[in-house]
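J.: There's a structure below that I have some questions on.
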Amino acid sequence: MYDPTVARLTYRALLGRRRALILGALPLLLIVLSVAVRALTGADDQTAADVLGGFAIATMVPIIGVIAGTGAIGPEIDDGSVVYLLSKPLKRPAIIFTKLIVAIAVTMVFSAVPTLIAGLILNGNGQQIAVAYTVAALVSSIAYSALFLLLGTVSRHAVVFGLVYALVWEALFGSLVPGARTLSVQQWSLAVAHKIAGGDLVTSQVSLTTATVLLVVVTVLATWYAGQKLRTLKLAGEE
Amino acid sequence: MAVEQPLTTPAGDQTRIHDIGYRGYDGPRLGRAYARLSLYSQSLRGAYGLGRSAKSKVLPMLLFTVMCVPAAIMVAVAVATKAHELPVAYTRYAIMMQAVISLYVAAQAPQAVSRDLRFKTVPLYFSRPIETADYVRAKFASLASAIFILTAAPLLVMYVGALLSKLGFAHQTKEFAEGLVSVALLSLLFAGIGLVIAAVTPRRGFGIAAVIAVLIISYGAVSTLQAIADVQNHTSAIPWIGLFSPVTLIDGVQSAFLGATARNPGAINPSSGQGVLYVLVVLGLIAGSYGLLMRRYKKVGL
């Protein structure tokens, strides 16, 4: 299923030239932010949980997920060069699977690692907060990558729709309509983090069982459907 | 007029040049100003998907609706409850809807410039009478106008609603004018930032993500820092932190000079000295992005 050549090409598309800078800017901002917060307030568990939950998990992970997930396939479909890939004797689901692995890896590296570092800076992993949020970032990386990779195969405006989901649905509707929180990758991953951190600092709206089931279902379904979409992909002209 | 020209050809050679009737253009030359105006109006229409496919109309129209509906609801509430004041001040509305405005800028700035770069049509523009400055000004002005339409339309809805429910003409007009000045500044600032970022990345997806990162993430980061500074009683630091994101910059300018209340945690209005600094930073950013665009297009594709 995993094809090293496709993987290499995808890595180059995601990290080549100046694109790694865009991906690297957000984690850098998180670390600068946590250094500033630590200097302003000293080590405080509640503040650490606020910064990691409010900035790292709610904003940084989804956006990196959008960039990596849609960036793994979107630009290729957009400029039509995906035909060269599709005309090779490779199974389309295998292409999707490989791209998914790459997207997950990139998202994890650029979101979970800085989350861990920021957590260590903020309160030195007091009450397991750093580890809990890192695990949440790892878990949500998988689901986000799968979801946004699917979006990339479905729509030309995948980045915008991905951002609308990440910022409007999860942040805005999630805070207004309680039901929307059940259908949110962020809350599912927080359920996992809640299990690790124990205490009340990390809370989630969904139970661990529901979260795990939904995470697995969404990831598998999205990957399968993206493979199907790629099998029947029509290359339309530019708008 | 196809007239055979007798050509001096060597005997036996059948080659000759036929005049097949191409004629020179002797109509009016509309010139540079007209070309610039056309580029401006086409880009402005394009920013709302007019003259493009139905699919590309969906997003801008959706965001436009999302911007206007809350304003209409507020007017309805104000009329129904017979309030003496609209529930949200004109100046506050754009700050409240900053996520929608940022999404619009992120979606439309790359569509205004990235495709010209990617499909290498920029040299074609410059084969017309327009020059670099014209292209940059037309694109800058069209995106700024598009954002102004997006942000001023809900204010207009609120103003008309307020007048219809007789909320005091002079007072409402003054606040409406202040709101318009603030969204005009916001439009110029956001258009500048969006275009500079989009002009660097020919790939649309990355342009969108980068614009979002600069507009929304910086606002998130600044708000987080301000909230922490507020909790820790470093309230004097709050206006200084606000200098580092576009949304809080506009917020600072209007709370210093346009009678708005700052939206930052603790509602700390900047002092007038800081207000002047805010204005200078905003104007500097607008001028700077114009300069950067000019530099970017000096050599592109040529």
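J.: Out of curiosity, is B:V281 part of a helix (DSSP H, G or I), more than 30 Å from A:Y165 (Cβ to Cβ), under 23 Å from the mean Cα position of the chain (by Cα) and free of Cβ contacts under 8 Å to residues at least 40 places away in the same chain? First the steps, then the outcome.
T.: Values: part of a helix (DSSP H, G or I): yes; more than 30 Å from A:Y165 (Cβ to Cβ): yes; under 23 Å from the mean Cα position of the chain (by Cα): yes; free of Cβ contacts under 8 Å to residues at least 40 places away in the same chain: yes.
Judged against the criteria, B:V281 is a match.
J.: Something else now. Looking only at the range B:38-62, count every residue that is over 20 Å from B:F140 (Cα atoms) and crowded, with 18+ Cβ neighbours inside 10 Å and tell me the total.
T.: 2
J.: What number of residues in the range A:185-219 are part of a helix (DSSP H, G or I) and either free of Cβ contacts under 8 Å to residues at least 12 places away in the same chain or among the charged types (D, E, K, R) (or both)? Don't jump to the end; show me each part of the working.
T.: Filtering the range A:185-219 for residues part of a helix (DSSP H, G or I) gives A:185-197, A:208-219.
Restricting the remaining residues to those that are either free of Cβ contacts under 8 Å to residues at least 12 places away in the same chain or among the charged types (D, E, K, R) (or both) gives A:195, A:209, A:213, A:216-217.
Residues flagged as part of a helix (DSSP H, G or I) and either free of Cβ contacts under 8 Å to residues at least 12 places away in the same chain or among the charged types (D, E, K, R) (or both) within the range A:185-219 amount to 5.
J.: Let me ask you something else. Could you say which residue among A:L86, A:L122, A:L52, A:L100 is under 19 Å from A:A158 (Cα atoms) and in contact with a Leu (Cβ under 8 Å, 6 or more places away or on another chain)?
T.: Just a single option satisfies the conditions, and that option is A:L100.
J.: Please verify whether the range B:249-264 includes one or more residues that are within 14 Å of another protein chain (Cβ to nearest Cβ) and touching a helix residue (DSSP H, G or I) at 6+ places or on another chain (Cβ under 7 Å). It would help to see each step written out before you state the result.
T.: Going through the range B:249-264, the residues within 14 Å of another protein chain (Cβ to nearest Cβ) turn out to be none.
Within the range B:249-264, none of the residues are within 14 Å of another protein chain (Cβ to nearest Cβ) and touching a helix residue (DSSP H, G or I) at 6+ places or on another chain (Cβ under 7 Å).
J.: Going by what's in this entry, would A:A43 be described as within 11 Å of another protein chain (Cβ to nearest Cβ) and either of a type in the set (A, V, I, L, M) or touching a strand residue (DSSP E or B) at 6+ places or on another chain (Cβ under 8 Å) (or both)?
T.: Spelling it out, it is not the case that A:A43 is within 11 Å of another protein chain (Cβ to nearest Cβ) and either of a type in the set (A, V, I, L, M) or touching a strand residue (DSSP E or B) at 6+ places or on another chain (Cβ under 8 Å) (or both).
J.: Something else about it: Consider B:G192 carefully, then state whether it is over 15 Å from B:C68 (Cα atoms) and under 10 Å from the mean Cα position of the chain (by Cα).
T.: Numbers: over 15 Å from B:C68 (Cα atoms): yes; under 10 Å from the mean Cα position of the chain (by Cα): yes.
Criteria met by B:G192.
J.: Pick out, from the range A:53-136, the helices (runs of 4 or more DSSP H) lying fully within it that include 2 or more residues that are closer than 16 Å to A:G24 by Cβ. Working first, answer last.
T.: Numbers: elements: A:61-71, A:74-79, A:82-86, A:92-123.
Ranges flagged: A:61-71, A:92-123.
J.: Specify the residue that is nearest to the other protein chains (Cβ to nearest Cβ); the eligible residues are those in the range B:223-245 that are under 22 Å from the mean Cα position of the chain (by Cα) and in a helix (DSSP H, G or I). First the steps, then the outcome.
T.: Pass one, the range B:223-245, residues under 22 Å from the mean Cα position of the chain (by Cα): B:242-245.
Filter again for in a helix (DSSP H, G or I), leaving B:242-244.
Values: B:G242: 14, B:L243: 14, B:F244: 10 Å.
Among those that are under 22 Å from the mean Cα position of the chain (by Cα) and in a helix (DSSP H, G or I), it is B:F244.
J.: So which of A:L33, A:L85 ends up being more than 11 Å from chain B (Cβ to nearest Cβ), out of contact with any Asp or Glu (no Cβ under 6 Å at 6 or more places or on another chain) and modelled with pLDDT of 80 or more?
T.: Answer to the selection: A:L85.
J.: Continuing with this model, one more query. Out of (1) β-branched (V, I, T); (2) within 15 Å of A:T223 (Cα to Cα); (3) away from chain B (no Cβ under 12 Å); (4) under 14 Å from the mean Cα position of the chain (by Cα), what's the single condition that is false for A:T107?
T.: With respect to (1) β-branched (V, I, T); (2) within 15 Å of A:T223 (Cα to Cα); (3) away from chain B (no Cβ under 12 Å); (4) under 14 Å from the mean Cα position of the chain (by Cα), A:T107 is out only on (2).
J.: Does the range A:68-90 contain any residue that is touching a residue at least 60 places away in the same chain (Cβ under 8 Å), of a type in the set (D, E) and more than 27 Å from A:S34 (Cβ to Cβ)?
T.: Yes - at least one qualifying residue is present in the range A:68-90.
J.: Can you tell me which of A:R17, A:R12, A:R8, A:R38 is of a type in the set (K, R), touching a residue at least 60 places away in the same chain (Cβ under 8 Å) and more than 8 Å from every other protein chain (Cβ to nearest Cβ)? Break it down stepwise before answering.
T.: Working: A:R17 fails: touching a residue at least 60 places away in the same chain (Cβ under 8 Å); A:R12 fails: touching a residue at least 60 places away in the same chain (Cβ under 8 Å); A:R8 fails: touching a residue at least 60 places away in the same chain (Cβ under 8 Å).
Just a single option satisfies the conditions, and that option is A:R38.
J.: Quickly run through the range B:187-218 and pick out the residues that are more than 7 Å from every other protein chain (Cβ to nearest Cβ), surrounded by fewer than 23 Cβ atoms within 10 Å (Cβ to Cβ) and within 22 Å of A:V51 (Cα to Cα).
T.: B:V214, B:S218
The values are calculated or read from the model by the stated rules, or taken from the named source; none is laboratory data. Bear in mind the structure is a predicted one, so any value in this text is a computation, not a measurement. Heads up, the Cβs are rebuilt from the backbone with ideal geometry, glycines too, and the neighbour counts pull from every protein chain shown.
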